[in-house]
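Input: a single structure, listed below in C-alpha cells.
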C-alpha cells in the first residue's frame, strides 16, 4: 500500500505528516526532527533507518544524519552545500554528492523555485 504521508508518535499523540510538507529530516542523539514547510517541526524517537523505509522516492539521504526532500532543494552549491526551502543550508557528504546529482537529473527536479 502506497501512502503520501508518514505517521510518527510526537509526544503522546500520533501525527500524520504529508511527504510534500517535509523539507528535511535530521537525527541527533536518538531524536529525529522533521522540518516542515512554514517552520513547523515535529520530533520522535524513531531511528532514521526506520523512517527511510517509509519515505517516498522524493527523499535522499545527504549525510549520516540528514535526509532531504528533493522537491525542496533550491540550489546545489559548489562547496557541497544545498539550499532548501529558500534559506536553510545543509552540507552533502562527499560520498553522497554524485548520487544526489544523479537523483536530481533522473527525476528532472528543477533547482529554481
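Computing Kirkwood radius over Cα pairs in Å directly from the structure and comparing it against (i) 15.5; (ii) 16.5; (iii) 14.4 singles out (iii).
Taking each residue as 0.36 nm, the span from residue 49 to residue 15 lengthens on full extension beyond its C-alpha to C-alpha distance by 10.4 nm. Model label sites at residue 80 and residue 30, defined 7 Å from Cα along the beta-carbon direction, differ in position by 2.9 nm. Summarising the label geometry, the points placed 7 Å from Cα in the beta-carbon direction at residue 57 and residue 42 lie 2.5 nm from one another. The slack between residue 97 and residue 65, meaning 0.36 nm per residue of separation minus the straight C-alpha distance, is 10.0 nm. Rounded to the nearest 10 degrees, the angle from helix 94-106 to the longest Cα principal axis of the chain is 90 degrees.
We did not get these values from a lab; they are worked out from the coordinates using the rules stated. Bear in mind the structure is a predicted one, so any value in this text is a computation, not a measurement. No Cβ is skipped: glycine too gets one built from the backbone with ideal geometry, and neighbour counts run over all protein chains shown.
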